[in-house]
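Let me begin by presenting the structure, written as structure tokens, before commenting on it.
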């Protein structure tokens, strides 16, 4: 029953999100959709994915979209005057429907087959250095995927740096003693939560992604409250931030190379040391993910100036 | 039973996203539609993973990776749109 209601709500929100012509409304609906999708994923026994979706897919994506919205042309400016605003022609509706039917029959076909890699995962879990299956897959069995994913994140950030346009708009700074005090009080707690999530990842849902997302929001809060914090003008901070951007991929690949010399192959670790290496990689990865995600949101702010980062 | 419901939900999300992509008038709408589609793909993977308890960890790890790649793509798309808007504003001045 809960599943049915949740599904209907998700589909209704998704429909509204793509139908509405008010961009602000579409973004707000999209954030709500992300939250409900995260809820659905906990129902599908995927707490790791649900945590990441709520923090990254709904939270940080929402911040990115809202920050970018003010720098975009209005909806009407991109539409040719007099253009038809009603939906698709019959041909495209037909194509859309045919594709939907094909997808339904395809999914119905997979429903009857049963392939699961879980038995293999559980058989080798004791060699992986961690006891949580998802972390074992991410950081050990399929470590190359995760390393390349960090590389994709880094690449996307580098591309954004090249596309940077200095913000021309002035926005009212979020000032005030209440905000500053609240941020000062919350910041140590957020760092603590991030470290806890990272540590917990070896035996329970959690890990570098969720921890990185919390770190990213901590940094964003610091910046929004305009506390003297991480900005490039302050000496060693510049180097530190650059090292943080690159750290995740570098540490991952170096540990991966070390496996070659230890005879475990590229991206392999000897079972007795695996736990320690995974913790090292995860710490570097969480810091990298946090810095990269926060940097992506910071440059999308309407009043962001070059040299701040 | 709940597996079937969520499979249909995943298909619905993909189809709604596709429809949104086809009728989008604004770059931001296109990005949102693509992200709605990706939520559908992730949900289908997780539904497949949850068919037999305990849930399969491999598709779940794939989805975690996918979420980070999706936000990278979204951030890059938004950066392109911001740059485009700035260039257009400059050419109008």
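Springs join every pair of Cα atoms under 10 Å in this Gaussian network model of chain B, and among B:49, B:33, B:79 the largest mean-square fluctuation is at B:79. For peptide A:2-9, the mean count of partner chain Cβ atoms within 10 Å of a residue's Cβ comes to 4.
Per residue of peptide A:268-279, the mean number of Cβ atoms on other chains within 10 Å of the residue Cβ is 0. Peptide A:200-213 is shielded by partner chain Cβ atoms: per residue, an average of 1 of them sit within 10 Å of its Cβ. Against chain B, whose longest principal axis is taken from its Cα atoms, helix B:2-23 shows a tilt of about 20°. Ranking of A:6, A:198 by neighbouring Cβ atoms within 10 Å, starting from the fewest: A:6, A:198.
Could you work out how much longer the chain between residue A:4 and residue A:239 gets when fully extended? Use 0.36 nm per residue separation minus the Cα distance between them, nm to one decimal. Write out the running numbers ahead of the final one.
Working: separation 235, 0.36 × 235 = 84.60 nm, distance 5.12 nm.
My answer for the length gained is 79.5 nm.
Remark: relative contact order (segment A:131-309) = 33 percent; criterion is Cα-Cα distance under 8 angstrom and separation of 6 or more residues. Modelled spin-label separation between residue A:115 and residue A:101, with each label point placed 7 Å from Cα along the Cα-to-Cβ direction: 2.7 nm. For chain A, modelled as a GNM whose springs connect Cα atoms under 10 angstrom apart, the maximal fluctuation among A:29, A:195, A:18 occurs at A:18. Kirkwood analysis of the Cα pair distances in the protein assembly as shown returns a hydrodynamic radius of 22.3 Å. Taking each DSSP H run with n ≥ 4 as -39500 (n - 2.57) and averaging over every residue of chain A yields -22000 deg cm²/dmol at 222 nm.
Would you mind computing the Rg to Rh ratio of segment A:131-309 from its alpha-carbon coordinates, Kirkwood style for Rh? All intermediate terms of the calculation are to be shown ahead of the outcome.
Details: Rg = 17.9 Å, Rh = 17.4 Å.
Rg/Rh for segment A:131-309 comes to 1.02.
So for A:35, A:1, A:267, fewest C-beta neighbours within 10 Å to most, what's the order?
Values: A:35 17, A:1 6, A:267 22.
In order of increasing Cβ crowding within 10 Å: A:1, A:35, A:267.
State the volume of the convex hull built on the alpha-carbon positions of segment B:2-92, expressed per residue in Å³ and rounded to an integer.
Details: hull volume 6.0 nm³, N = 91.
Per residue, the Cα convex hull of segment B:2-92 comes to 66 Å³.
Counting neighbouring beta carbons within 10 Å and listing from fewest to most, the residues A:299, A:191 come out as A:191, A:299. Modelled spin labels at residue A:108 and residue A:273, positioned 7 Å past Cα toward Cβ, are 5.5 nm from each other.
Can you tell me which of A:162, A:71, A:242 moves the most in a GNM of chain A? Springs connect C-alpha atoms under 10 Å apart. Looking only at A:162, A:71, A:242, the biggest GNM fluctuation is shown by A:162. Secondary-structure-derived ellipticity at 222 nm for chain B, considering helices only, amounts to -31000 deg cm²/dmol, per-run term -39500 (n - 2.57) for DSSP H runs with n ≥ 4. The P(r) of segment A:1-62 has a tail past 14 Å containing 55 percent of all C-alpha pairs.
Against the longest principal axis of chain B, how steep is helix B:27-49, in degrees 0 to 90 to the nearest 10, with axes from Cα atoms? Computed tilt is about 10 degrees.
Read-outs: derived from the displayed coordinates by stated rules, not from any lab. Owing to the predicted nature of the structure, the values given are computational and were not obtained by experimental measurement. Neighbour counts are summed over all protein chains in view; Cβ atoms, including those assigned to glycine, are modelled from backbone coordinates with ideal geometry.
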